[in-house]
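Engineer: For reference, the structure I am asking about is given below.
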Amino acid sequence: KMKTLPAAMCFLWSVNRANSVVQHGSGYLSLLKGTDFRRAYNHRTSAFSSVKTNIPETRCEHSRFQELNARLHAIRRNLKEFGLDALIVLSGDSHQSEYVTSRECRIAFTSGFTGSAGTALVTQDQAWLITDGRYTIQAAKQLDPSSWRVLQSSGPDRLSVSDHISNCLSKRPGQRVGVDPTIMPITQHRLLSRKLTAHSLVAVDRDPVLATWEVEGTRPPPPLAPATIHPIERAGRSVEQKLSDLRTALRAEGADAIAISALDEVAWLFNLRGGDVPYNPVL
């Protein structure tokens, strides 16, 4: 009779099959054969787990959850000190990037969740992580179920992030909900303002998560990976050509200037590449 193989054995068997592609988080890693694959895969997974959470995945789950819950309590103390009832924590940065440097991994620091997309809502007695269908299983494994509840925000009949937040706060109107204006897009702020009419959105001067991180002393320094010129034979067009086309488009729109903040757009426009963000060649 055929016996059911343990999950780990099935994984190793599939590794040795070669020339396959394994999805890790939201990116894809093309696999090599044998030990080359295992070395590459182990390097990728260890990079995401250790850099983003600052808590090694090899530590026992109970100890890891204890440390994460201590952080959550510290964040709640800051909420009270800053005059807030709730806090919305975003996974992006001031460039609205999905993939960020280890210094900007606020969701991972707060909860232990290392996916590239998510929104956390923290109150004095509850905490929710809202993410899309790519990450619900991962989130359920990485979060302490006694402290966090996972909500899905994509797919048929699923609520949006703003609707989830509204529902979570509905039992107690009049709450002061903190947001970091340096990373929240204005479009998202306007949408939340329309949804949370029973509450007040407060643009914080000091993020309670960053305040906790600074006291803990584990926040990574700003990355300083070297910048390189992307050669014309790979870029296809020079910076001068790209700027000329951009200015032509601006004139056609009747505009005098444009602000470009997306890191991939800056890298493309100026033919620059960097290594500040793991697996993303941006500055």
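Engineer: Give me the net charge for the shell around Pro181: Cβ to Cβ below 12 angstrom, other residues only, Lys and Arg +1, Asp and Glu -1.
Structural biologist: -2
Engineer: Taking the alpha-carbon centroid of each part, what is the distance from region 207-283 to region 66-130 in angstrom?
Structural biologist: So the two Cα centres are separated by 25 Å.
Engineer: Which value, in debye to the nearest 20, describes the size of the charge dipole of region 125-283 about its Cα centre when Lys and Arg Cβ atoms bear +1, Asp and Glu Cβ atoms bear -1, and nothing else is charged?
Structural biologist: 400 debye
Engineer: For region 189-283, give the magnitude of the charge dipole about the Cα centre (Cβ charges: +1 Lys/Arg, -1 Asp/Glu; no others), in debye to the nearest 20.
Structural biologist: Working: 11 positive and 12 negative charges, 59 e Å.
The dipole magnitude comes to about 280 debye.
Engineer: Any idea what diffusion coefficient region 137-230 gets from Stokes-Einstein, in µm²/s, Kirkwood Rh on alpha carbon pairs, 25 °C, 0.890 mPa s?
Structural biologist: Translational D for this selection: 148 µm²/s.
Engineer: Arrange the peptides 189-201, 83-95, 246-258, 224-236 so that the one whose residues have, on average, the most other Cβ atoms within 10 Å appears first.
Structural biologist: Ranking, from highest mean packing down: 83-95, 189-201, 224-236, 246-258.
Engineer: Moving on to the next point. Heads up, I need the accessible area for Val204: 1.4 angstrom probe, whole protein in place, Å², nearest 10.
Structural biologist: Near enough 20 Å² of accessible area.
Engineer: What size of dipole, in debye to the nearest 20, comes out for region 154-226 about its Cα centre when the only charges are +1 on Lys and Arg C-beta atoms and -1 on Asp and Glu C-beta atoms?
Structural biologist: The dipole magnitude comes to about 360 debye.
Engineer: Looking at region 191-254, what % of the alpha carbon pairs are farther apart than 16 Å?
Structural biologist: Details: 1516 of 2016 pairs.
That fraction is 75 percent.
The values are calculated or read from the model by the stated rules, or taken from the named source; none is laboratory data. This structure is a prediction, so every number in the text was calculated from the model and none was measured. Cβ atoms come from the backbone with ideal geometry, glycine included; neighbour counts cover every protein chain shown. Protein only, heavy atoms only, side chains kept; ligands, DNA and RNA dropped before computing areas. Shrake-Rupley method; radii C 1.70, N 1.55, O 1.52, S 1.80 Å.
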